[in-house]
1. Considering segment 67-85 alone, what residues qualify as being part of a loop (DSSP other than H, G, I, E, B) and among the hydrophobic types (A, V, I, L, M, F, W, C)?
2. With respect to the numbered conditions (1) in a loop (DSSP other than H, G, I, E, B); (2) at pLDDT below 50, which one is the sole condition not fulfilled by LEU10?
3. What about LEU88, is it part of a helix (DSSP H, G or I), of a type in the set (A, V, I, L, M) and either under 15 Å from PRO37 (Cβ atoms) or in contact with a Cys (Cβ under 7 Å, 6 or more places away or on another chain) (or both)?
4. Of the numbered conditions (1) surrounded by 12 or more Cβ atoms within 10 Å (Cβ to Cβ); (2) at pLDDT below 95, VAL71 satisfies every one except a single condition; which is it?
5. Of a type in the set (A, V, I, L, M, F, W, C), assigned to a helix (DSSP H, G or I) and buried (at least 18 other Cβ atoms within 10 Å of the Cβ): does that describe ALA101?
6. Within segment 36-60, work out how many residues are within 21 Å of SER82 (Cβ to Cβ) and either in contact with a helix residue (DSSP H, G or I) (Cβ under 6 Å, 6 or more places away or on another chain) or of a type outside the set (S, T, N, Q) (or both).
Amino acid sequence: MQLRCRSAELRASEAQRQKTETITGKVQSLHYNRCMPTLARLARSAVTMYAADHLPPHFHVRLHDGREALVEIATLDVLRGSIARRDLAEALTWAEANRAALAAKWKELNP
């Protein structure tokens with residue numbers, strides 16, 4: 001799996017945007033201001049995972065329209081986010097085939 005993290009400047013500008021959105025009352029997505037390796041880029045979404053993230057072990061699915069869901073690695077249940085399963089189907093199929101790699105990456109990023 002190839003990993004890429006956003007630059008510090010991009011994270012800083014994103015943090016400012018999030019702060020502004022919170023003040024103006026816009027809906028925020030489920031992301032944080034930490035390095036987020038992209039594990040897979042799919043036709044409709046990207047699969048990512050944060051370092052030093054909370055339990056249970058999970059990954060993030062971000063659709064190209066900006067919607068995001070947290071998915072538990074062990075069960076592939078959606079923990080957070082209100083995306084229909086049909087919209088997550090491609091990412092869940094990829095995750096099922098790569099569950100061992102996802103678990104290993106979780107252990108690497110969240111020792």
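The values are calculated or read from the model by the stated rules, or taken from the named source; none is laboratory data. A quick note: this is a predicted structure, and the numbers were derived from the prediction, not measured. Cβ coordinates were reconstructed from backbone atoms using ideal geometry, including for glycine residues, and neighbour counts include every protein chain displayed.
1. Pass one, segment 67-85, residues part of a loop (DSSP other than H, G, I, E, B): 67, 73-77, 81-84.
Residues satisfying the conditions are ILE73, ALA74, LEU76, ILE83, ALA84.
2. The failed condition is (1).
3. Working: part of a helix (DSSP H, G or I): yes; of a type in the set (A, V, I, L, M): yes; either under 15 Å from PRO37 (Cβ atoms) or in contact with a Cys (Cβ under 7 Å, 6 or more places away or on another chain) (or both): no.
No: the conditions fail for LEU88.
4. The one condition VAL71 does not meet is (2).
5. Details: of a type in the set (A, V, I, L, M, F, W, C): yes; assigned to a helix (DSSP H, G or I): yes; buried (at least 18 other Cβ atoms within 10 Å of the Cβ): no.
It is false that ALA101 is of a type in the set (A, V, I, L, M, F, W, C), assigned to a helix (DSSP H, G or I) and buried (at least 18 other Cβ atoms within 10 Å of the Cβ).
6. Quick first cut of segment 36-60, residues within 21 Å of SER82 (Cβ to Cβ) only: 36, 42, 44-50, 53-54, 56, 58-60.
Then drop every residue that is not either in contact with a helix residue (DSSP H, G or I) (Cβ under 6 Å, 6 or more places away or on another chain) or of a type outside the set (S, T, N, Q) (or both), which leaves 36, 42, 44-47, 49-50, 53-54, 56, 58-60.
Final tally of qualifying residues: 14.
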